[in-house]
Amino acid sequence: MKPHSDSAGRRLHPWPVRILHWTNAVAMVVLIGSGWGIYDDSVIIHGIYFPKALRIGSWAAESLLWHFAAMWLLVANGAAYLAYGIATGRLRERLLPIRLRDVVQTVRDTLKLKLAHEDLTTYNAVQKILYIVAILAGVSQVVSGLAIWKPVQLSGLVAWLGGFQGARLVHFAGMGVLAGFLLVHVALALLVPRTLWAMLTGGPVLRPTPPAAATEAVR
């Protein structure tokens, strides 16, 4: 499969990306909501509970069923998303490179409430970092979730994560990262509605990158 930069007349978000994106979103929301139901049945941090209105499942066993269903959906869909992104070059094209000066400038602009996103075809440095962190958190959730699910069969992994409670803490922290990412992601989409519309419709049609310009861009 050819890299995205070689494709003529392609949209910013091809249909496979849109399907994978929205499926991931649904799976993550169900996982977080059902995870809160499981957590409340056996809290990790005393004093932290989640209200019933935000939980999926009326009790722990029901929440667990929702959690497993969404887990398999996210694993399959997430693997397809990563495979598509790597095979087409989309992940490299959208998330790399990340330069320190760009990070500093983006943070300064954000603190000044300069949230304009005129060019939908590129992510700023902070967006790139957030997406990479979300991907790594997703992988962490799968690993720690397997350790919690099969602590006897995967005793080596459980030990590596600091024991069963350690695996639960890692899983809880990963949930916090993903929930925070979703909140920021939704907030930015509402502040710049064109980004949301682009993910629904495919966004603008991109022109092929001339070879000379592509070479210059990687320098």
Determine the pairs where a residue that is under 19 Å from Ile32 (Cα atoms), located within the stretch 159-170, has a partner that is of a type in the set (Ser, Thr, Tyr) with Cβ atoms under 7 Å apart, the partner being 6 or more residues away or on another chain. Ala167/Ser144; Val170/Ser140; Val170/Ser144
Failed condition for Lys128, given (1) within 23 Å of Ile19 (Cα to Cα); (2) out of contact with any helix residue (DSSP H, G or I) (no Cβ under 6 Å at 6 or more places or on another chain); (3) modelled with pLDDT under 90: (2)
Among the residues of the stretch 184-203, how many are modelled with pLDDT of 85 or more, of a type in the set (A, V, I, L, M), open to solvent by less than 80 Å² (accessible area, probe 1.4 Å) and over 15 Å from the mean Cα position of the chain (by Cα)? 2
Restricting to the stretch 1-14, and then to whatever is in a helix (DSSP H, G or I) and either over 18 Å from Leu82 (Cβ atoms) or modelled with pLDDT of 95 or more (or both), can you tell me which residue is most open to solvent (accessible area, probe 1.4 Å)? Asp6
Among the residues in the stretch 26-47, are any in a loop (DSSP other than H, G, I, E, B), in contact with a Ser or Thr (Cβ under 6 Å, 6 or more places away or on another chain) and either touching a residue at least 24 places away in the same chain (Cβ under 8 Å) or open to solvent by less than 60 Å² (accessible area, probe 1.4 Å) (or both)? no
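Out of Gly180, Gly162, report the one residue that is of a type outside the set (A, V, I, L, M, F, W, C), more than 26 Å from Ala80 (Cβ to Cβ) and at pLDDT 90 or above.
Gly162
The values are calculated or read from the model by the stated rules, or taken from the named source; none is laboratory data. Computed from a predicted model, the values in this text were never measured in an experiment. All Cβ positions, even for glycine, are placed from backbone atoms using ideal geometry, and neighbour counts span all protein chains on display. For the accessible areas, the whole protein counts, side chains as well, though only heavy atoms, and no ligand, DNA or RNA atoms are used. Shrake-Rupley method; radii C 1.70, N 1.55, O 1.52, S 1.80 Å.
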